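K.L.:
Quick one: this structure, given as structure tokens, is what I'll be asking you about.
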Ligand SMILES: Nc1ncnc2c1ncn2[C@@H]1O[C@H](COP(=O)(O)OP(=O)(O)OP(=O)(O)O)[C@@H](O)[C@H]1O
Ligand SMILES: O=c1ccn([C@@H]2O[C@H](COP(=O)(O)O)[C@@H](O)[C@H]2O)c(=O)[nH]1
Ligand SMILES: [Mg+2]
């Protein structure tokens, strides 16, 4: 069984930043669904490149069969991992249902790390991220935030009802956020 922590929060809430630090210090392998989709978009011969780019620019959500397969392939490649941080997935009901179908019997879902941060702060961070992402512009960001509010936040609420959500306020400096995140992992791994 793969041990999995889902990491969710609005665009720019710091998911990638915090996951990189957990990977470095706690031995979990960081798998960003967005990064995997961007890599697939760039892969020569991919039949999904245009479809993925269209969804990314529009802040809409790629069909789960594509994303989930990329995640599973990445997990199989790192079967030695202590656990996986699945960053930015599941984002909607289609994602959740597809994940359960494909991975339900193969994973142990430890908890959901929810990085909460006001949307205006998140947008400002994305606009200054400087990574040249095709969706870090005002138009795409409006759509990404709408998708987050309409489709992803209800998934966090779903996990909340199951008692699985650990919320950390990520509006604060990275070192403060990370210190609280480490406490969450320590508590979860003591159980
Ligand atoms: N706590 C923080 N305080 C200030 N800036 C931060 C903080 N966390 C992350 N950042 C910066 O904000 C930007 C977005 O961070 P990051 O890429 O980690 O967010 P994300 O949640 O993965 O975003 P996305 O959902 O768009 O992939 C980056 O430039 C990062 O350096
Ligand atoms: O599970 C996923 C994850 C991402 N997407 C698409 O990618 C972009 C960027 O995602 P980030 O997490 O911000 O890197 C997102 O807006 C979606 O269009 C997806 O479809 N499914
Ligand atoms: Mg990210």
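Each value in this text was obtained by applying a stated rule to the coordinates, not by laboratory testing. Only a predicted model underlies this, so the values are computations on that prediction, with no experimental measurement involved. Note: ideal-geometry Cβ built from the backbone for every residue, glycine included; neighbour counts use all protein chains shown.
K.L.:
Which value in nm describes the separation of the simple spin-label points at residue 138 and residue 17, placed 7 Å from the Cα toward the beta carbon?
P.N.:
A separation of 2.3 nm, rounded to one decimal place.
K.L.:
Using only the Cα atoms of region 5-60, build the gyration tensor, take square roots of its eigenvalues as a ≥ b ≥ c, and label the shape rounded, prolate or oblate: rounded if a/c is under 1.5, else prolate if a/b is larger than b/c, else oblate.
P.N.:
Note, shape of region 5-60 comes out oblate.
K.L.:
Please list, by residue number, everything in region 68-104 whose backbone N is under 15 Å from a paramagnetic label point 7 Å out along Cα→Cβ of residue 39.
P.N.:
It comes to 68-81, 84-88, nothing else.
K.L.:
Dividing the convex hull volume of the alpha carbon atoms of region 103-181 by its residue count, what do you get in Å³ per residue?
P.N.:
137
K.L.:
How many percent of Cα pairs in region 61-132 exceed 17 Å?
P.N.:
56
K.L.:
Compute the distance from the alpha-carbon center of region 54-124 to that of region 129-191, in whole Å.
P.N.:
Using only Cα atoms, the two centres lie 12 Å from each other.
K.L.:
May I pose another question? What percent of all Cα-Cα pairs in region 2-181 falls into each 5 Å bin, going from 0 up to the bin containing the maximum distance?
P.N.:
Values per bin, smallest distances first: 1, 8, 17, 22, 22, 18, 9, 2, 0.
K.L.:
Further question: Volume per residue, Å³, of the convex hull around the alpha-carbon atoms of region 31-102?
P.N.:
Dividing the Cα hull volume of region 31-102 by its residue count gives 87 Å³.
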